[in-house]
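Some notes on the structure that comes next.
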Amino acid sequence: MVAVAVLFAVGCTGSPPEILHVDVTLAVRLDPSSGARYEALEVFVAVRDDDGDDDVALLQIVHDDRQLVWEFAREEWLTTTHGADRWIGSPDLRMADDAPVPRGAYRALVWDVAQQQATADFFVTHRPVDLPNVVFPTFERRAGRVSVVSPAEALLRGYNRSGELIVNERVPPGPLAEEIARRLDQAGVRVYLELDHETGATLQYGPVDWDVTGRS
């Protein structure tokens with residue numbers, strides 16, 4: 001993850017929005033259902049607007065060199081809160097043909113309903129990832145018990161049917177701890193495994209349908 005702080009805002013009426021921080025993760029993903037391997041950017045910006053949260057109307061992520069623009073209206077971005085900060089963004093900025101995500105300079109732009117904007121620059125500088133040969137963490141089931149197969153300790157994230165994070169634990173390779181398995185043992189749970197990669201990217205395996213993989 002790359003964290004970038006601050007910036008400038010321009011505008012003339014009312015209070016312009018502010019971008020306080022930008023968090024960026026280059027995710028390298030393996031979809032267990034399709035076998036697809038691809039890169040995606042997870043970009044979230046901490047936004048403040050003295051005119052109220054509803055005054056923020058549009059988020060854009062721009063790569064000028066490649067003339068790429070990802071655009072999200074209020075009903076399209078995801079919103080999270082951490083402490084006093086409100087974050088908006090997307091976990092799935094990717095190329096249409098699943099080509100590698102462009103490296104280099106990006107801009108995050110936030111617009112309010114009066115067309116005032118705030119801008120922050122960030123950079124994606126990770127080394128190229130050899131996608132066909134990446135070793136992802138995975139699950140396997142043996143003798144009725146689920147094990148984590150990974151070259152190192154991985155992060156396990158589990159979400160219930162409502163999208164609530166119910167497990168966020170680092171797990172070693174080997175049989176999954178019974179306490180974690182019990183917390184995941186409910187209908188509709190989707191699970192991900194994450195592992196840091198030598199390029200600085202984050203390897204992600206999922207989503208795994210726990211009804212199929214993990215429940216006894």
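Mind counting the residues in the range 92-145 that are aromatic (Phe, Trp, Tyr) and either loosely packed, with under 13 Cβ neighbours inside 10 Å or under 30 Å from Trp210 (Cβ atoms) (or both)?
The number of residues fulfilling the criteria is 3.
For Gln186, only one of the following conditions fails: (1) of a type in the set (S, T, N, Q); (2) modelled with pLDDT under 95; (3) not in a loop (DSSP other than H, G, I, E, B). What is its number?
Here Gln186 clears every test but (3).
Which one of the conditions (1) at pLDDT 90 or above; (2) more than 30 Å from Phe139 (Cα to Cα); (3) outside any strand (DSSP E or B); (4) touching an Asp or Glu at 6+ places or on another chain (Cβ under 6 Å) does Ser15 fail to meet, given that it meets all the rest?
Status for Ser15: all satisfied but (1).
For the range 35-53, how many residues meet the condition of being without any contact (Cβ under 8 Å) to a residue 40 or more places away in the chain and on the phi < 0 side of the Ramachandran plot?
3
Testing Ala177 on (1) more than 30 Å from Pro16 (Cβ to Cβ); (2) hydrophobic (A, V, I, L, M, F, W, C); (3) surrounded by 15 or more Cβ atoms within 10 Å (Cβ to Cβ), one condition comes back false. Which one is that?
Every listed condition holds for Ala177 apart from (3).
Residues that are of a type in the set (A, V, I, L, M, F, W, C) and without any contact (Cβ under 8 Å) to a residue 40 or more places away in the chain, at least 1 per element: which strands (runs of 3 or more DSSP E) completely within the range 67-123 meet that?
Working: elements: 68-73, 78-82, 85-93, 104-112.
The strands (runs of 3 or more DSSP E) meeting that bar are 68-73, 78-82.
Which numbered condition trips up Leu156, out of (1) of a type outside the set (Ser, Thr, Tyr); (2) in a helix (DSSP H, G or I); (3) modelled with pLDDT of 95 or more?
Just one mismatch for Leu156, condition (2).
Return the residues of the range 34-50 that are in a strand (DSSP E or B) and either in contact with a helix residue (DSSP H, G or I) (Cβ under 7 Å, 6 or more places away or on another chain) or not assigned by TED's automatic domain parsing to the domain that holds Asp98 (or both); say none if nothing qualifies. I'd like the intermediate steps shown before the answer.
Step one: list which residues in the range 34-50 are in a strand (DSSP E or B), which gives 37-48.
Hit for the range 34-50 is Arg37, nothing else.
What number of residues in the range 14-66 are buried (at least 17 other Cβ atoms within 10 Å of the Cβ) and among the hydroxyl-bearing types (Ser, Thr, Tyr)?
Looking only at that region, the number is 2.
Out of (1) more than 15 Å from the chain's Cα centre (by Cα); (2) closer than 17 Å to Leu203 by Cβ, what's the single condition that is false for Gln60?
Answer for Gln60: the failing condition is (2).
Being outside the structural domain of Glu18 (by TED's automatic domain parsing) and assigned to a strand (DSSP E or B): is that true of Ser162 here?
Working: outside the structural domain of Glu18 (by TED's automatic domain parsing): yes; assigned to a strand (DSSP E or B): no.
No; evaluated as a whole, the condition is false for this residue.
Going by what's in this entry, would Arg141 be described as at pLDDT below 95, assigned to a strand (DSSP E or B) and of a type outside the set (Ser, Thr, Tyr)?
Yes: the conditions hold for Arg141.
Checking Arg86 against (1) surrounded by 14 or more Cβ atoms within 10 Å (Cβ to Cβ); (2) out of contact with any Ser or Thr (no Cβ under 9 Å at 6 or more places or on another chain); (3) among the basic types (Lys, Arg); (4) farther than 22 Å from Leu26 by Cβ: exactly one of these is not met. Which one?
The failed condition is (2).
The values are calculated or read from the model by the stated rules, or taken from the named source; none is laboratory data. These figures come from a predicted structure and were not determined experimentally. Every residue, glycine as well, gets a Cβ built from its backbone with ideal geometry; the counts of neighbours run over all protein chains shown.
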